[in-house]
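What follows is one structure encoded as structure tokens, with my remarks underneath.
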Amino acid sequence: MNKSLFVISAPFDTYSGYGARSRDIIKSIIKSEKYDVKLLSQRWGMTPWGFIKDHFEEWGFLTNHLMSPDDQNRQPDIWMQITVPNEFQPFGKYNIGVTAGMETTLVDGTWIEGMNRMDVNFVSSNHSVQSFKNSIYEKIGPQGQKMGMTKLEKPIEVLFEGANIDIYKPTKSSFDLSQIKESFAFLSVGHWMQGDLGEDRKNIGLLIKSFLETFKNTQNAPALILKTSGAGASYSDKEYILKRYNKIKSTVKGNLPNVYIIHGELSDNEMNELYNHPKVKAMISLTKGEGFGRPLLEFSLSKKPILVSGWSGHSDFLKPDCYVYFKGELKNVHPSAVVEKMILRESQWFSPNTMEVGTKMKDIFKNYKKYEELGVRQAYHSKNNFSWDKMHEKLVAYLEQYVPMFATEVKLKLPQLKKIELPKKQ
């Protein structure tokens with residue numbers, strides 16, 4: 001019997017968080033061996049392409065599943081899109097939408113409409129589920145007339161982003177940090193996106209400012225390592241990042257601690273070695289909101305402590321008694337960080353208490369040993385509950401629960417008839 005045609009449109013060939021998410025899900029569906037999987041490659045913003053070619057030994061098998069012209073002439077039995085929901089289109093007999101979700105408290109109405117076009121939707125965290133469920137809008141017609149409400153009407157489930165525990169784990173690091181003279185460094189990982197100081201989503205600007213203010217004029221101060229970029233890994237992007245950093249640095253007076261910036265793409269193995277380097281003691285993030293927070297999960301497997309905002313998607317996998325969380329309050333998104341149809345002005349996200357940030361950074365620096373056990377316990381929790389294998393189990397269960405069986409074309413093998421010799425006419 002032929003397998004159901006399962007077509008997946010996703011940015012699996014890009015260097016992006018969505019690219020990594022896409023590859024994990026595609027690999028899981030192929031591994032189930034239940035479907036005839038075909039792939040459509042799509043872009044993801046300004047992030048570079050070519051991931052599969054650069055990692056062919058591990059991911060080259062995906063090229064065996066690319067759509068052919070013959071495949072494009074058939075309607076998919078199952079259609080999956082991994083992207084932002086306003087791009088969702090129901091091309092299959094059964095349609096699945098996959099998105100990380102939202103970092104704020106609300107999503108745009110076009111995202112709700114996109115989710116409602118699909119038969120079921122998977123998001124990365126419980127925080128994302130609540131953002132979709134909380135977003136209810138009144139429809140207004142072209143003449144200003146009220147036309148009912150826009151709200152989520154289709155099923156939504158949490159499919160977390162599982163870590164590859166074969167890669168992300170404690171290991172001896174050969175990552176070159178010889179230029180860093182300090183023996184104690186905080187590490188932060190994330191894109192430095194649009195927004196004034198204290199308003200960009202990953203809150204990179206405020207982290208720099210807080211670190212410099214906290215440890216200025218401190219003898220034998222720790223370092224801060226920023227693994228960051230803006231729109232990509234270009235030279236101009238690097239110059240832009242340095243310009244933003246120097247602008248913040250100029251506002252802090254005194255003998256300042258060192259901040260080191262790592263710009264550009266690193267492989268998973270290189271990231272794991274960075275996480276495990278003996279100079280890297282803890283990860284810190286003042287994020288305003290996460291749909292999931294994949295780097296936090298992957299870093300947690302190094303058994304080192306984490307300091308992070310106590311709100312949004314990462315709260316699913318970080319246990320409250322296993323990490324250091326910053327308190328704060330929800331505030332409206334600043335106009336400088338608004339993104340049309342995505343990060344909404346009327347939505348809210350997290351603003352950490354800056355006094356508490358400084359206090360907790362100082363304490364973990366001075367009393368590191370008392371925090372080491374937190375990292376060990378969190379690593380155990382992450383490994384046993386948030387691995388790729390656990391994600392695979394959950395995805396397979398969801399597909400069995402939601403996706404119907406489709407009648408497939410069966411080619412009949414007829415018996416070969418024997419040639420019969422008719423009697424000749426006398």
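Quick notes on this one:
- Hey, residue 24 assigned by TED's automatic domain parsing to the domain that holds residue 396 and part of a helix (DSSP H, G or I) or not: yes
- Yes/no for residue 112 being assigned by TED's automatic domain parsing to the domain that holds residue 80 and modelled with pLDDT of 95 or more: yes
- Within the range 326-359, considering residues that are hydroxyl-bearing (Ser, Thr, Tyr) and surrounded by fewer than 19 Cβ atoms within 10 Å (Cβ to Cβ), the one modelled with the lowest pLDDT: 354
- Single unsatisfied condition, residue 168 versus (1) out of contact with any strand residue (DSSP E or B) (no Cβ under 8 Å at 6 or more places or on another chain); (2) under 15 Å from residue 291 (Cα atoms); (3) surrounded by 20 or more Cβ atoms within 10 Å (Cβ to Cβ): (2)
- Considering 183, 210, the condition of being at pLDDT 95 or above, out of contact with any helix residue (DSSP H, G or I) (no Cβ under 6 Å at 6 or more places or on another chain) and either under 28 Å from residue 329 (Cα atoms) or not in a helix (DSSP H, G or I) (or both) is satisfied by 183 alone.
For (1) farther than 21 Å from residue 193 by Cα; (2) buried (at least 20 other Cβ atoms within 10 Å of the Cβ), each residue gets a yes or a no:
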position	(1), (2)
256	yes, no
265	no, no
268	yes, no
294	no, yes
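- For residue 316, the stated conditions do not hold, so it cannot be described as at pLDDT below 95 and of a type in the set (Asp, Glu).
- Search result, residues across the range 249-270 that are touching a residue at least 60 places away in the same chain (Cβ under 8 Å) and either among the hydroxyl-bearing types (Ser, Thr, Tyr) or in a helix (DSSP H, G or I) (or both): 260, 267, 268, 269, 270
- Residue 170 passes every criterion in (1) in contact (Cβ under 8 Å) with a residue 60 or more places away in the chain; (2) assigned to a strand (DSSP E or B) apart from (2).
- Spans of strands (runs of 3 or more DSSP E) in the range 61-143 with at least 2 residues farther than 22 Å from residue 341 by Cα: 78-82, 94-98
- For the range 28-59, filtered to residues that are assigned to a helix (DSSP H, G or I) and touching a residue at least 60 places away in the same chain (Cβ under 8 Å), the residue that is surrounded by the fewest Cβ atoms within 10 Å (Cβ to Cβ) is 31.
The values are calculated or read from the model by the stated rules, or taken from the named source; none is laboratory data. All values reported here derive from a predicted model rather than from experimental measurement. Glycine also receives a Cβ, built like all others from the backbone with ideal geometry; neighbour counts cover every protein chain displayed.
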